[in-house]
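Just below is one structure, and these are the notes that go with it.
The values are calculated or read from the model by the stated rules, or taken from the named source; none is laboratory data. Predicted model only: the values in this text are computed from it and were never measured. Glycine also receives a Cβ, built like all others from the backbone with ideal geometry; neighbour counts cover every protein chain displayed.
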């Protein structure tokens, strides 16, 4: 087993991923054990174009969002909150949430999970 080491990567060097079944958003993995030797944390960047949404969903690990640019609404079954550049969001375990871009530019965020990789997170989407 190889030893872990400090890894520096740049957003421009990572490939985009998409799943058109869930919406017109895209994401990149920045720290993920499927791509680098790491454990305990995974993170990536999500981009929602203007008017697009990440549907309401939940998952067992807690999550952190850090909004890098744009503005939108953090959706939940309890309330809706405005988010914008430099907003920090903590989402507890199994708490239903989603996002909607209400701005004129892409809504871009960094997500962080306490998992080795994003594949460990089982998303459960609310039925429409």
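Remark: pairs (first residue in segment 78-98, more than 25 Å from residue 115 (Cα to Cα); second residue at pLDDT below 95 and crowded, with 16+ Cβ neighbours inside 10 Å; Cβ separation under 9 Å; 6+ apart in sequence or on different chains) are absent.
Residue pairs whose Cβ atoms lie under 8 Å apart, sitting 6 or more positions apart in sequence or on different chains, and linking a residue in segment 44-55 that is at positive phi and touching a residue at least 24 places away in the same chain (Cβ under 8 Å) to a partner that is crowded, with 18+ Cβ neighbours inside 10 Å and part of a strand (DSSP E or B), are 51/101. Exactly one of (1) over 14 Å from the mean Cα position of the chain (by Cα); (2) free of Cβ contacts under 8 Å to residues at least 12 places away in the same chain is unmet by residue 18. Its number? Condition not satisfied by residue 18: (1).
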